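The values are calculated or read from the model by the stated rules, or taken from the named source; none is laboratory data. Just so we're clear, the structure is a prediction, and the values are computed from it rather than from any experiment. Don't worry about glycine lacking a Cβ; one is built from the backbone with ideal geometry, like all the others, and counts go over all protein chains shown.
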Amino acid sequence: MTRALYGAIRNPDRLVEAALRRRTERFNHCFPRGISFGDIDSFVEVNGRFLIVEWKVGDQELSNGQRLALVRLAREPNVTVWVIWTDDDGVITYGLDMGKPTRRRGPVTEERVCEAIKEWIAEPTETKRAS
């Protein structure tokens, strides 16, 4: 086993989580029922439309609160929400469109996600679901 480089961050995910907690935990008392701030992993705006992506690793699941929030966001006009899972090496394995009535996780590849992004960009605003 090789020694970590001097000054290298050994666990960057843990560092980011800790930084977010320090930044947001101070406001937890402001919310009812144990609600706290969440984060959005990725988002992009194109022509007044928003694509939000939540990334999960392995068999990690959405918390109930996160699931409810993402489903509610996906109901908004001009907002699309996807959840994408990767394996431990970052290879995309599964995907889920939170705006679908039958939200089922299905196998996807990086190529299919890229195709879906291009389809999303090409989708005219006026045909965007507002369900």
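Do you know which residues across the stretch 48-77 are small (G, A, S) and either within 14 Å of the chain's Cα centre (by Cα) or farther than 25 Å from K118 by Cα (or both)? Quick ask: steps written out before the conclusion?
Step one: list which residues in the stretch 48-77 are small (G, A, S), which gives 48, 58, 63, 65, 69, 74.
If the condition is that a residue be small (G, A, S) and either within 14 Å of the chain's Cα centre (by Cα) or farther than 25 Å from K118 by Cα (or both), then G58, S63, G65, A69, A74 are the ones that fit.
Of I117, I84, which residue is surrounded by 12 or more Cβ atoms within 10 Å (Cβ to Cβ), modelled with pLDDT of 90 or more, among the β-branched types (V, I, T) and closer than 28 Å to R23 by Cβ?
Details: I117 fails: closer than 28 Å to R23 by Cβ.
Every option except I84 fails the conditions.
Among the residues in the stretch 74-87, are any touching a residue at least 60 places away in the same chain (Cβ under 8 Å) and in a strand (DSSP E or B)?
Just the residues of the stretch 74-87 that are touching a residue at least 60 places away in the same chain (Cβ under 8 Å), to begin with: none.
No - not one qualifying residue is present in the stretch 74-87.
Can you pull out every residue in the stretch 36-81 that is charged (D, E, K, R) and within 23 Å of R23 (Cα to Cα)? Give the derivation first.
Initial filter on the stretch 36-81 (charged (D, E, K, R)): 39, 41, 45, 49, 54, 56, 59, 61, 67, 72, 75-76.
Residues satisfying the conditions are D39, D41, E54, K56, R67.
Out of all the residues in the stretch 88-110, which are assigned to a loop (DSSP other than H, G, I, E, B) and touching a Ser or Thr at 6+ places or on another chain (Cβ under 9 Å)?
Within the stretch 88-110, V91, M98, G99, P101, V108, T109 meet the criteria.
Among K100, K56, which is the only one that is closer than 27 Å to A122 by Cβ and modelled with pLDDT under 90?
None of the other options fit; the residue is K100.
Considering only residues that are acidic (D, E) and either at pLDDT 95 or above or not in a helix (DSSP H, G or I) (or both), which ones fall in the stretch 120-131?
E123
Among the residues in the stretch 34-56, are any among the small types (G, A, S), outside any strand (DSSP E or B) and exposed (fewer than 13 other Cβ atoms within 10 Å of the Cβ)?
So far as the stretch 34-56 goes, yes, one or more of its residues are among the small types (G, A, S), outside any strand (DSSP E or B) and exposed (fewer than 13 other Cβ atoms within 10 Å of the Cβ).
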